[in-house]
Amino acid sequence: MEKYDVIIIGAGAAGLFCAAQAGQRGLRVLLLDNGKKPGRKILMSGGGRCNFTNLYTEPAAYLSHNPHFCKSALARYTQWDFIALVNQYGIAYHEKTLGQLFCDDSAQQIVDLLMAECEKGQVTLRLRSEVLSVSRDDAGYAVQLNGAEVRAGKLVIASGGLSMPGLGASPFGYRLAEQFGLRVYPTRAALVPFTLHKPLLEQLQTLSGVSLPATIEAANGKRFKEAMLFTHRGLSGPSVLQISSYWQPGEFVTIDLSPERDLDAFINEERQARPNQSLKNTLAKPLPKRLVEVLQLLGIVPEVTLKQLNAKQQRELTETLHGWRVQPNGTEGYRTAEVTLGGVDTTQLSSKTMEARDIPGLYFIGEVVDVTGWLGGYNFQWAWSSAWACAQALNAD
Ligand code: FAD
């Protein structure tokens, strides 16, 4: 039977980084993953360019039942620390928008960096290794693999969330937490497109592919201003993905379709200059033409010229365009979600070490923990920060 100082389950962002750090601290580390390749989500991320961190990382960009939990790890291993590592490997990157850093070339460079760091730490990586069960006794943890048992004094769970089951996602980490008596908050798909009810979806069908800047507000008042995209299933784009983390089934969201321009003032100005211009052509200046055409078919944009538009019509129109209330039918679910909300209750973990308070030697890092970031590199930063904090605390028994 093989024995290690630490076994880490999950060779995603958090597991790879934790393994590398622990290995470089002199520990014998075994890193297990059920997939054929390490870091599969990293390779998919950021459209293949991996949005590996965010310049503006701060605890306020994370959702958790315990919003203070992420503070310590994020403060001890910051975005600047990971950027320094990326610089050390000569990986070129750029800020796309809102502090989001992407590789210029390929997400593969981040996986290569992590693998090189693991090599420095002499980490043993075992792929295609589905963990079947885990048990604990006085000597530590025994992990059952297909036909083999491996043991270690410390066990780190870095098995991620439920999004993208096709990439190896499994509820393993949650089940293991429950096995050891830890509470797991209910999980749900987040950073995910909305689906719409049939009548509205059919009315908006021709808009598939149209995108525009929009501010979207959830029922709890949280709002994001970024691009929104109409799809053949409903609504997507960064502002929709962001607000999906704050949306509860049955609730409405309020969408400002022209967040940068006051349409009431704009119509008044245009009326002065071009009173005979149709309202449709007027609105097609600040808004996508196809959207205005559909809004006319729906009766939201009256078929009138500017001088024919009366005050009541104008008020109703601009109120709708600046505050379109939509009740999503649901979300596209884990199939397309970037992350999973909920997870292992942080009140049972040390925010300094990620160790379960009442179960010595058992640690949880990355997405399996009830800490979920906004879109924009925040989730990888949580993976790096929580992995680093954990690795500093690991030692050989
Ligand atoms: P994961 O990276 O999911 O790794 C968990 C690993 O554990 C997986 O390899 C899985 O196969 C393995 N595993 C699970 N169960 C078992 C088991 N029983 N036995 C063995 N192994 C197991 N975040 C950003 O910050 N920036 C982005 O650009 C970004 N883009 C994304 C794009 C997509 C399409 C998706 C799906 C997510 C994206 N995210 C992004 C989110 C980010 O990928 C995750 O938050 C992050 O990967 C979480 O890291 P993790 O190590 O906790 O889990």
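The values are calculated or read from the model by the stated rules, or taken from the named source; none is laboratory data. Quantities reported herein were computed from a predicted structural model and do not represent experimental measurements. FYI the Cβ positions are ideal-geometry reconstructions off the backbone, even for glycines, and counts take in every protein chain you see. Only protein heavy atoms, including side chains, enter the accessible area calculation; ligands, DNA and RNA are left aside. Shrake-Rupley method; radii C 1.70, N 1.55, O 1.52, S 1.80 Å.
For every residue, the table says whether it meets (1) part of a strand (DSSP E or B); (2) in contact (Cβ under 8 Å) with a residue 40 or more places away in the chain; (3) within 30 Å of A22 (Cβ to Cβ).
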| site | (1), (2), (3) |
| --- | --- |
| A152 | yes, yes, yes |
| L155 | yes, yes, yes |
| S163 | no, yes, yes |
| E178 | no, no, yes |
| Q203 | no, yes, no |
| I243 | no, no, no |
| Q248 | no, no, no |
| T254 | yes, yes, no |
Subset of region 313-337 [small (G, A, S) and either open to solvent by 10 Å² or more (accessible area, probe 1.4 Å) or at pLDDT below 95 (or both)]
G323, G330, G333
What tally of residues in region 39-53 results from selecting those that are near the ligand (Cβ under 7 Å from one of its atoms), within 19 Å of P165 (Cα to Cα) and open to solvent by 10 Å² or more (accessible area, probe 1.4 Å)?
5
Only unsatisfied item for T215, checking (1) part of a loop (DSSP other than H, G, I, E, B); (2) touching an Asp or Glu at 6+ places or on another chain (Cβ under 6 Å); (3) crowded, with 17+ Cβ neighbours inside 10 Å; (4) not basic (K, R), is (1)
Out of (1) out of contact with any helix residue (DSSP H, G or I) (no Cβ under 8 Å at 6 or more places or on another chain); (2) touching a residue at least 24 places away in the same chain (Cβ under 8 Å), the one V304 does not meet is (1)
I want to confirm something. Restricting to region 278-297 and keeping residues that are surrounded by fewer than 16 Cβ atoms within 10 Å (Cβ to Cβ) and more than 34 Å from the chain's Cα centre (by Cα), which single residue is farthest from L212 (Cα to Cα)?
L297
Inside region 339-357, can you point out the residues that are open to solvent by 10 Å² or more (accessible area, probe 1.4 Å) and out of contact with any helix residue (DSSP H, G or I) (no Cβ under 7 Å at 6 or more places or on another chain)?
L341, T347, Q348, S350
Examine region 372-395 for a residue that is part of a loop (DSSP other than H, G, I, E, B), open to solvent by 10 Å² or more (accessible area, probe 1.4 Å), at pLDDT below 95 and away from the ligand (no atom under 14 Å from the Cβ), and state whether such a residue exists.
yes
Of the listed residues (F252, F180, F172), the one being open to solvent by 10 Å² or more (accessible area, probe 1.4 Å), within 13 Å of the ligand (Cβ to nearest atom) and more than 17 Å from the chain's Cα centre (by Cα) is F172
Scan region 145-154 and give yes if some residue there is within 14 Å of the ligand (Cβ to nearest atom), open to solvent by 30 Å² or more (accessible area, probe 1.4 Å) and not β-branched (V, I, T), otherwise no.
yes
What residue, among those in region 313-355 that are small (G, A, S) and within 16 Å of the ligand (Cβ to nearest atom), is farthest from T231 (Cα to Cα)?
G343
Report the residue count in region 11-28 for those that are within 14 Å of the ligand (Cβ to nearest atom) and either in contact with a Leu (Cβ under 9 Å, 6 or more places away or on another chain) or assigned to a loop (DSSP other than H, G, I, E, B) (or both).
10
